[in-house]
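One structure below.
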Amino acid sequence: MSADAIRDQTQPDGDRPSDEEITRCRDYLYHYVMVQGYVDRPFEGLSWDYFLADVQLEARAARVSMRDQTVGSICDTIQVLPPTAIIRLRAARYVYFSPLAPENEAQVDEVLQPLDAATVKLMRQRRHAVHAIHAIEAKQEAGRKEAAARHDELLTQWYKCPHARISSEPEDFLRWIKVQTPDTWHVIVESWDYNAGDRDDVIEWIFEQPNCDLGTAAQSFFTVGLADEEPEKLSPGYRRSWHLMKRIADNWQNGFYVRNELQHSVEPSHMKYYDELIARRNAEGRPLPWKVPGPNARRFGARRPDSAYFYEHGHLKLGFAVWKRHRERSGCGRDFPRCCEA
């Protein structure tokens, strides 16, 4: 017997639901589908795949034409399906969507009771398939949560681990920076605190190196934000930063920076502000005492820096990924934090 033929079977008069019950079932299914119009990804999942397949089958059996698989079309179809189709779809909704629980199985038996044996067998097979998928997804989600919890635990240990810290005291910092790569210089500059005057020797040294990346130079130049200030009116600390801007600009204009691989993270609004400032001051006859390439002439690298180090709020640390690899190889952290007491 074909699937369409099964759908054409009628129920005995004694088992036929009342018109009021059919109306309630139809309205429930209509609104159950209609809600999908308000979610980001409607009809997602195996349960919906099965349910929509049954809607299409019932429509074919009833000679009802469905426009498409949109929410509106499915709702319109449900409104005109015959009572027997509504009863089967009510059963399908419960069988495919209700969680796997003992109390639900009794309800599954009840909603399947009026249906023919072939339909009951198919719906039970689909229910098993849905819950098998759910079990796999639940296991995967548990694995993701376990991995996330482990990751968060390691992050906490990384922040506290004394072996991840590197001295950023001025003299130590300057000695350390001189043997690092241009990528690490970029990491330092991106998070630099321009109020940390005791460490200015470090950042000034970076910008006097021809191998300093142009993206690193631009990162500092557009971030300092002192272009419109008069240096003689600034405090000593800010005056030093103003002169650093000028040295960077002169080096940039003279082609001093030979490396151009790294992508800066300057906000576009900062560059726009600077360019508008240049235009305004030039129009006023007050040009700045330096020049850098204009917006159309600026070209920077596209990659992010690859460094083993992390710098933030004046604190220098071994980067998390590198710290974790070293930790795993050495066995450090098996008894954190007592592992760090030796």
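The values are calculated or read from the model by the stated rules, or taken from the named source; none is laboratory data. Remember, it's a predicted structure, so these values are computed and weren't measured experimentally. Note that each Cβ is placed from the backbone with ideal geometry, even for glycine, and that neighbours are counted across all protein chains shown. SASA here: full protein model, heavy atoms, side chains in, ligands and nucleic acids out. Shrake-Rupley method; radii C 1.70, N 1.55, O 1.52, S 1.80 Å.
A few points about this structure:
- All distinct Cα pairs of the range 143-187 go into the 1/r average, and the inverse of that average, the Kirkwood radius, is 13.0 Å.
- Extent of the chain along its three principal axes (Cα atoms, max minus min coordinate, largest first): 100, 65, 32 Å.
- Over all projection directions, the Cα-based convex hull of the range 119-214 averages an area of 11.3 nm².
- The listed residues R199, R88, once ranked by accessible area (1.4 Å probe) with the largest placed first, stand as R199, R88.
- Mean residue ellipticity (222 nm) of the chain, computed from DSSP H runs ≥ 4 via -39,500 (n - 2.57), nearest 500: -18500 deg cm²/dmol
- Working from label points 7 Å from Cα in the Cα-to-Cβ sense, the D228 to E20 distance is 7.6 nm.
- Full-stretch length increase - N260, Q140 - with 0.36 nm per residue and alpha-carbon distance subtracted: 38.9 nm
- Taking a straight line from the alpha carbon of K178, these lysines sit under 29 Å away, with near neighbours fewer than eight places off in the same chain left out: K160, K246, K291, K317, K324.
- Values of log10 I(q)/I(0) for the range 274-330 across q = 0.25, 0.27, 0.31 Å⁻¹ run -0.99, -1.07, -1.21, by the Debye formula with one identical scatterer at each alpha carbon and no solvent.
- Residue order by solvent-accessible surface for T84, T216 is T84, T216, largest first, with ligands and nucleic acids left out and a 1.4 Å probe.
- Under a 5 Å amide H cut-off, with hydrogens placed 1.01 Å from N, L316 pairs with I166, S168 among residues at least 5 apart or on other chains.
- About the centre of its Cα atoms, the range 195-342 shows a dipole size close to 480 debye [charges on the beta carbon of Lys, Arg (+1) and Asp, Glu (-1) only; nearest 20 debye].
- For the pair E284 and V35, label points projected 7 Å from Cα toward Cβ lie 6.2 nm apart.
- Overall Cα dimensions of the range 174-321, principal axis frame, Å, largest first: 51, 34, 25
- Modelled this way, with points 7 Å down the Cα-to-C-beta line, the labels at R247 and L100 are 6.8 nm from one another.
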